[in-house]
Amino acid sequence: MTGTRRDIEFDAEGTTLRGWFYRAEGASGPAPTVVMAHGFSAVKEMYLDSFAEVFAAAGLNALVFDNRNFGASDGEPRQEIDPVAQVRDYRHAITHATTLDEVDGTRIGIWGSSYSGGHVLVVGAIDRRVKAVVSQVPLVSGSANIGELVRADFRAGFREMFDADRAARYAGDAPAMVPVVDEDPNAPSALPTPDSYTWFTETGKLRAPSWRNEVTLRTVEMLGEYEPIAYIGRISPTPLLMLVAQGDHLTPAHLAIDAYEHAREPKELKIMPGGHFDAYVDGFDHASPPARDFFVRHLGA
């Protein structure tokens, strides 16, 4: 436990998810609360504590959890990302938050980044308990994103691998695995950009020994099937803030900005300098204050 942070765990329809609860500083009664999880394969130690501390200092509780199958949370198969299950788990986390004495269940916000930046677009559209949505450097379309990152001849090869993996799993074999990142951007990996390799490997060594450089092959298949943009027009009347990194080529900025045009008011767009991963470290002062101020404004900290 650090300061006002305590460890938590909660049930997500039979799977135990674990994380941290940050108490809003200066709060004497139930306070507004931000529910947060990380992006593709990342664990909470990869700078989510930094954002949660900023929110807590502004009078907001923060509930941070590891996605199922990752980090401190339970779930099988390990290292498999099912985006639909992760969306449901945000909703389980909201339900858990509303049972806590420190939480005002009528003032819940959600924050997500990268893959979970897509999840909060979906949750914000379908869960009316949510009163404010912050989506940072989001994945808005799995198919469009893979189209930008993966050469067409590689995509055909992946399809054959997906089908073979499906047959093998049906026969009882363990899931096939692929690296999250590789030093060679032309080698098979889920996130084939040099900045992905640098950030994940350095942050894993520095802060997150539980991070593993692998996901199931089916994770990549489900990524290509996931389309948060289909939900974005339904978030309204819940307020939305989208934070886009100008130099983002992992979840390309132009895709996020196109998606933002499909959102309805009330909405805000902030273009940040730098690339996809700058929001966590070098560009933290561009990413965290707008999110904090947006939540304070709309949740009434």
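The values are calculated or read from the model by the stated rules, or taken from the named source; none is laboratory data. If you're wondering where the values come from, they're calculated on a predicted model, not measured in any experiment. Using ideal geometry, Cβ is built from the backbone for each residue, glycine included, and neighbour counts are taken over all protein chains shown. Keep in mind that these areas ignore ligands, DNA and RNA; they rest on the heavy atoms of the full protein, side chains included. Shrake-Rupley method; radii C 1.70, N 1.55, O 1.52, S 1.80 Å.
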For the range 68-175, what's the relative contact order in percent, using C-alpha pairs closer than 8 Å and at least 6 residues apart?
-> 18 percent
Probe 1.4 Å, all chains present, heavy atoms only: VAL150 accessible area in Å², nearest 10, is 20 Å²
Once amide H atoms are placed 1.01 Å from N in the peptide plane, what residues at a sequence separation of 5 or more from VAL34, or on another chain, have their amide H within under 5 Å of its amide H?
-> ASN61, ALA62, LEU63, GLY109
Sequence neighbours fewer than 8 away in the same chain don't count; with that in mind, list the lysines whose C-alpha is under 26 Å from LYS205.
-> LYS44
With each label point set 7 Å from Cα along the Cα-Cβ vector, what nm distance links ALA152 and PHE284?
-> 4.3 nm
Per-selection Rg to Rh, the chain - Cα, Kirkwood hydrodynamic radius = 0.95
Helix-only [θ]222 nm of the chain, DSSP H runs n ≥ 4, -39500 (n - 2.57) each, per residue, nearest 500 | -12000 deg cm²/dmol
Along each of its three principal axes, how wide is the spread of alpha-carbon positions in the range 55-200, in whole angstrom units, largest first?
-> 51, 35, 26
Spacing of the two label points (7 Å from each Cα toward its C-beta) at SER28 and ARG166, in nm | 6.0 nm
Got a sec to turn the phi values of the range 71-78 into Karplus ³J(HN,Hα) couplings, 6.51 cos²θ - 1.76 cosθ + 1.60 with θ = phi - 60°, whole Hz, x for Gly and Pro?
-> x, 7, 7, 7, x, 10, x, 4
Whole-number D in µm²/s for the range 1-45 (Stokes-Einstein; Kirkwood sum over Cα pairs; 10 °C, 1.306 mPa s) = 127 µm²/s
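What ratio of Cα Rg to 2.2 N^0.38 Å holds for the range 50-102? Could the numbers behind the result be given before it?
Details: Rg = 13.0 Å, N = 53, 2.2 N^0.38 = 9.9 Å.
The value comes to 1.30.
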Cut-off under 5 Å, modelled amide H: who pairs with ILE81 long-range | THR216, THR219
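Using alpha-carbon pairs under 8 Å, 6+ residues apart, how would you state the relative contact order of the range 17-104 in percent? Please report the intermediate quantities before stating the final value.
Details: 151 pairs, mean separation 33.5, N = 88.
Computed over the range 17-104, the figure is 38 percent.
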Would you mind calculating the relative contact order of the chain from Cα pairs under 8 angstrom and at least 6 residues apart, reporting the percent as a whole number?
-> 19 percent
Work out the FRET efficiency for GLU265 and ARG207 from their Cβ-Cβ distance, taking R0 = 35 Å, and round it to the nearest 0.05.
-> 0.40
Straight-line reach from LYS131: which aspartates and glutamates have Cα under 20 Å away, leaving out those fewer than 8 places along the same chain?
-> ASP89, ASP101, GLU102, ASP104, GLU265, GLU268, ASP293
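How do LYS267, LYS131 rank by accessible surface area computed with a 1.4 Å probe, from largest to smallest?
Values: LYS267 40, LYS131 80 Å².
Of LYS267, LYS131, the descending order of accessible area is LYS131, LYS267.
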